[in-house]
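Following: one structure in structure tokens, then a few remarks.
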Amino acid sequence: MKLGMSKQNNMRNKIVAGNWKMNLGISDSIELVQKIIFDKHKDSQRVIIAPPLTNLYRLGQLLDLNNSKIELAAQNFYFPKAGPFTGEVSAEMLLEIGVNIVIIGHSERRTYFFEDDQVLFRKAQSALAHGLEIIYCIGETLAERKAETHLDKVKSQLDDLMIKIDKKHWASNSIILAYEPVWAIGTGVTASKQQAQEMHYFIRKLLKETIGSKISQNISILYGGSIKSSNALEIFEQPDVDGGLVGGASLDASSFNSIIESARKTDKR
């Protein structure tokens, strides 16, 4: 299905976000951060890392000490303010340690921890109400792609967010979207640049129809799904792809630096 192509928008941030998942202790995390080369790049580019929860505070201190522009994100949180929720952390707890970005809706949270669209909407609503920026993940399974229901699936994952979230959060760029085809996560299989552009264009078209043209053109939409140094440049060159949510490749400094450089090369500002 050919959906078209948006005109390249020079106002959107190019973003490279590294999701470390359940990897690396404190010492290994510090070593990796010290090898990430970013601070020389221009202001319109952002680099975000999402280490395990136990590493956030220490890495925040390290980044502050070095006046680094690398930003920290949490991989998860729970929407209540407090209560009997063993193992969870709140938005207030993240903000208290200087973390103001959180990933919501990653396919692994949906699959392994049974987080459905209703739970994820409540997380998004709570995070935004507390002033957190969110990276909201959406994407289809291989079965849905083969059945050609992938567009419907992604629309259904976005419906509540587009319709029920106050437009002020969209207008303030507090929401980053990340398209991650489930069939390409951790498999070594990557969506082609055409498949990535097709879905990113479709997502932006939905945003335009629901929340308005101007806002939709300023929303950053990342690609996630086995992105690596060898394919980052061609993916990032697509007009509706604004960077990447990087998994395994973010754990290797050389690969991650190469992906950051690919984002820099495709940043038109």
Under a plain spin-label model, where a point goes 7 Å from the Cα along Cα-to-Cβ, how far apart in nm are Ala143 and Lys265?
3.9
Per residue value of the accessible surface for the stretch 12-80 (all protein chains in place, 1.4 Å probe), Å²
46
Between Asp252 and Glu237, what is 0.36 nm times their sequence separation minus the Cα-Cα distance? Round to one decimal in nm.
3.1 nm
If you add up the charges near Ile259, with Lys and Arg at +1 and Asp and Glu at -1, over every other residue whose beta carbon is less than 14 angstrom from its beta carbon, what do you get?
0
For the stretch 145-150, Karplus-derived ³J(HN,Hα) couplings (6.51, -1.76, 1.60; θ = phi - 60°; whole Hz; x for glycine and proline) come out as 5, 5, 7, 6, 10, 5
Starting from the alpha-carbon convex hull of the chain, give the projected area averaged over all orientations, in nm².
13.2
Between their Cα atoms, which of Lys123/Lys205; Lys228/Lys265; Lys123/Lys193; Lys167/Lys205; Lys155/Lys193 are more than 27 Å away from each other?
Lys123/Lys193
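Give me the mean projected area, in nm² to one decimal, of the convex hull enclosing the Cα positions of the stretch 120-269.
Spelled out: convex hull of the Cα atoms, projected over all directions, averaged, 8.9 nm².
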What FRET efficiency would be calculated for the residue pair Lys35, Lys69, taking the C-beta separation as r and a Förster radius of 25 Å, to the nearest 0.05?
0.95
Hey, for a label at Asn173 modelled as a point 7 Å past Cα toward Cβ, could you say which residues of the stretch 187-217 have their backbone N under 18 Å away?
204, 208, 212-217
Could you work out, for the stretch 144-194, what percent of all Cα-Cα pairs fall into each 10 Å distance bin, beginning at 0 Å and stopping at the bin that holds the largest distance?
19, 43, 28, 10
Would you rank His106, His130 by solvent-accessible area, highest first, keeping every protein chain in place and using a 1.4 Å probe?
His130, His106
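The values are calculated or read from the model by the stated rules, or taken from the named source; none is laboratory data. Quantities reported herein were computed from a predicted structural model and do not represent experimental measurements. Glycine also receives a Cβ, built like all others from the backbone with ideal geometry; neighbour counts cover every protein chain displayed. Heavy atoms of the whole protein, side chains included, go into the accessibility calculation; ligands, DNA and RNA do not. Shrake-Rupley method; radii C 1.70, N 1.55, O 1.52, S 1.80 Å.
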